[in-house]
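Attaching a single structure in structure tokens format; questions to follow.
The values are calculated or read from the model by the stated rules, or taken from the named source; none is laboratory data. A quick note: this is a predicted structure, and the numbers were derived from the prediction, not measured. Note: ideal-geometry Cβ built from the backbone for every residue, glycine included; neighbour counts use all protein chains shown.
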Amino acid sequence: MTKVLVLYYSSYGHIEKMADAIAEGARSGGAEVDIRRVAETAPAEIVKAAGFKTDTAHPEIEGPDALANYDAIVVGAPTRYGRMPSQMAAFWDTTGGLWMKGALVGKVGGAFTSTASQHGGQETTLFSILTNLLHHGMTIVGLDYGFQGQMGVDEVKGGTPYGASTLAGGDGSRQPSADELDGARYQGKRIAETAAKLKA
């Protein structure tokens with residue numbers, strides 16, 4: 001069975017919800033799925049003062065070597081000034097040993113994100129994640145236009161061809177919409193199915 005890892009960092013829970021949807025989609029594509037989060041590196045006083053969400057059902061990833069156990073890795077992180085946050089970047093900075101061995105070459109990768117506003121850096125954040133995956137030799141699967149839910153301007157919505165996304169609002173009060181969660185499920189399923197084909 002194809003094994004998929006959904007690896008994320010979430011400050012306020014938006015990316016965590018998207019991670020669950022990505023995993024749901026990957027399971028519907030026939031994969032065995034693990035959801036893991038990267039470590040929080042912000043000082044405890046900052047986490048408390050900012051009201052970060054600290055309760056989660058998902059354990060921390062055991063370390064970078066765990067990545068080699070999967071056929072596909074889907075990485076989710078919110079934006080920080082148009083790029084992935086330091087917590088996720090710090091994790092990928094520890095993967096040099098895997099890169100040296102080519103341990104992730106040929107595996108499937110994807111990304112998803114969240115921003116406060118429509119033009120808050122969704123695509124640049126996704127690319128900041130995807131460049132890491134490409135350097136590791138991974139085959140990228142985005143959110144293709146087979147998912148029609150990302151089309152149209154009838155409502156505010158996330159979704160880019162580079163990966164599923166959601167909008168949180170400036171105060172974080174907006175939660176992922178039905179369309180955005182469906183986009184995450186679609187991408188998760190496509191990643192699982194692509195990984196299964198490449199593994200065959």
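Would you please name the residue that is surrounded by the most Cβ atoms within 10 Å (Cβ to Cβ), looking only at residues in the range 40-73 that are more than 10 Å from VAL4 (Cα to Cα), modelled with pLDDT of 95 or more and touching a strand residue (DSSP E or B) at 6+ places or on another chain (Cβ under 7 Å)?
ILE61
I've got another one for you. Kindly indicate whether SER128 is buried (at least 16 other Cβ atoms within 10 Å of the Cβ) and not acidic (Asp, Glu). Please lay out each step first, then the result.
Values: buried (at least 16 other Cβ atoms within 10 Å of the Cβ): yes; not acidic (Asp, Glu): yes.
Against the criterion (buried (at least 16 other Cβ atoms within 10 Å of the Cβ) and not acidic (Asp, Glu)), SER128 qualifies.
GLN87 - would you say it is surrounded by 15 or more Cβ atoms within 10 Å (Cβ to Cβ) and in contact (Cβ under 8 Å) with a residue 60 or more places away in the chain? Steps first, please.
Details: surrounded by 15 or more Cβ atoms within 10 Å (Cβ to Cβ): yes; in contact (Cβ under 8 Å) with a residue 60 or more places away in the chain: yes.
Spelling it out, GLN87 is indeed surrounded by 15 or more Cβ atoms within 10 Å (Cβ to Cβ) and in contact (Cβ under 8 Å) with a residue 60 or more places away in the chain.
Can you tell me which residues in the range 166-181 are of a type in the set (D, E, K, R) and outside any loop (DSSP other than H, G, I, E, B)? Write out each step before concluding.
Let us first name the residues in the range 166-181 that are of a type in the set (D, E, K, R), namely 171, 174, 179-180.
Correct list: ASP179, GLU180.
I'm trying to understand the selection: among the residues of the range 91-103, which are surrounded by 14 or more Cβ atoms within 10 Å (Cβ to Cβ) and more than 15 Å from ILE15 (Cβ to Cβ)?
Across the range 91-103, the qualifying residues are TRP92, THR95, LEU98, TRP99, ALA103.
Considering each residue of the range 142-174, count those that are among the hydrophobic types (A, V, I, L, M, F, W, C) and closer than 23 Å to GLN87 by Cα, and give that number. Quick ask: steps written out before the conclusion?
Here is the first cut: in the range 142-174, the ones among the hydrophobic types (A, V, I, L, M, F, W, C) are 143, 147, 151, 153, 156, 164, 167-168.
So of that shortlist, the ones also closer than 23 Å to GLN87 by Cα come out as 164, 167-168.
The qualifying residues number 3.
Show the residue pairs that are 6+ apart or on different chains and have beta-carbon atoms under 7 Å apart, the first residue being within the range 24-42 and under 12 Å from ALA72 (Cα atoms) and in a loop (DSSP other than H, G, I, E, B), the second being polar (S, T, N, Q) and at pLDDT 95 or above.
ALA31/THR2
Somewhere in the range 113-127, is a residue at positive phi and at pLDDT below 95? Give the steps one after another, and end with the answer.
Going residue by residue through the range 113-127, those that are at positive phi are 121.
Restricting the remaining residues to those that are at pLDDT below 95 gives none.
No, there is no match, as no residue in the range 113-127 is at positive phi and at pLDDT below 95.
Test ALA184 against the criterion of being in a helix (DSSP H, G or I), at pLDDT 95 or above and touching a strand residue (DSSP E or B) at 6+ places or on another chain (Cβ under 8 Å), and give yes or no. Step through it out loud before you land on a result.
On the way: in a helix (DSSP H, G or I): yes; at pLDDT 95 or above: yes; touching a strand residue (DSSP E or B) at 6+ places or on another chain (Cβ under 8 Å): yes.
In short, yes.
Further question: Could you run through the range 135-150 and say how many residues are in contact with a Gly (Cβ under 8 Å, 6 or more places away or on another chain) and either of a type in the set (A, V, I, L, M) or over 30 Å from GLY102 (Cα atoms) (or both)? Working first, answer last.
If we filter the range 135-150 for residues that are in contact with a Gly (Cβ under 8 Å, 6 or more places away or on another chain), which is where we start, we get 136-143, 147, 149-150.
Imposing the further condition that a residue be either of a type in the set (A, V, I, L, M) or over 30 Å from GLY102 (Cα atoms) (or both) reduces the set to 138, 140-141, 143, 147, 149-150.
Number satisfying all stated conditions: 7.
Give all pairs with beta carbons closer than 8 Å in which a residue from the range 69-80 that is touching a residue at least 12 places away in the same chain (Cβ under 8 Å) meets a residue that is part of a strand (DSSP E or B) and basic (Lys, Arg); count only pairs at least 6 apart in sequence or on separate chains.
ASN69/LYS3; TYR70/LYS3; ASP71/LYS3; ALA72/LYS3
When the residues of the range 150-172 are narrowed to those that are buried (at least 19 other Cβ atoms within 10 Å of the Cβ) and among the small types (Gly, Ala, Ser), which ends up farthest from PHE127 (Cα to Cα)?
Among them, the one singled out is ALA168.
What residue, of ALA31, ALA77, is of a type in the set (A, V, I, L, M), buried (at least 21 other Cβ atoms within 10 Å of the Cβ), at pLDDT 95 or above and within 18 Å of SER128 (Cα to Cα)?
Numbers: ALA31 fails: within 18 Å of SER128 (Cα to Cα).
Of ALA31, ALA77, the one residue that is of a type in the set (A, V, I, L, M), buried (at least 21 other Cβ atoms within 10 Å of the Cβ), at pLDDT 95 or above and within 18 Å of SER128 (Cα to Cα) is ALA77.
Something else: Assuming GLY170 fulfils every condition listed in (1) small (Gly, Ala, Ser); (2) modelled with pLDDT of 95 or more; (3) in contact with a Ser or Thr (Cβ under 8 Å, 6 or more places away or on another chain); (4) more than 21 Å from THR2 (Cβ to Cβ) apart from one, which condition is it?
Failing condition for GLY170: (2).
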